[in-house]
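Have a look at the structure below before the remarks.
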């Protein structure tokens, strides 16, 4: 049996297109990818000015990275990339004066939006595309 070159070229091109992101097979499951620290409203409610670093670490966990040059602040980050391509993130920055917690700032934190729940599976969409 002789295989025609056109049929062979079609089979090879379909093989290479199968791995391409733009030509996805229907029904293929893609997992959700979570990274960073889950930040809940209960955790934020426990933060009080005047706490020491050890107490803040107990409430929020270890910061994302210890920065020797910015010792007065700790960064906490959480992201969730859904299998369908949607991307969500939360950021919290805790500020210190010496060893004492003074305040925090953040983006997309729990309680900042009426649409949101504290469940990390239903976060607020990020502003970045």
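For segment 31-78, a/c is not less than 1.5, where a ≥ b ≥ c are the root eigenvalues of the C-alpha gyration tensor, and a/b does not top b/c. That puts it in the oblate class.
If each residue's Cβ is checked for other Cβ atoms within 10 Å, how do 12, 59 rank with the fewest at the top?
Numbers: 12 10, 59 17.
Listed from fewest to most nearby Cβ atoms, that is 12, 59.
Report note on the peptides 75-82, 46-53: ranked by the mean count of other C-beta atoms within 10 Å, highest first, their order is 75-82, 46-53. Reported to the nearest whole Å, the Cα centre-to-centre distance from segment 84-109 to segment 63-83 is 8. Given R0 = 41 Å, the distance between the Cβ atoms of residue 33 and residue 2 translates into a calculated FRET efficiency of 0.30.
Computed from the coordinates by the stated procedures, all read-outs in this text should not be read as laboratory data. Since the structure is predicted, the reported quantities are computational estimates derived from the model, not experimental observations. Every residue, glycine among them, receives a Cβ derived from its backbone with ideal geometry; neighbour counts consider all protein chains shown.
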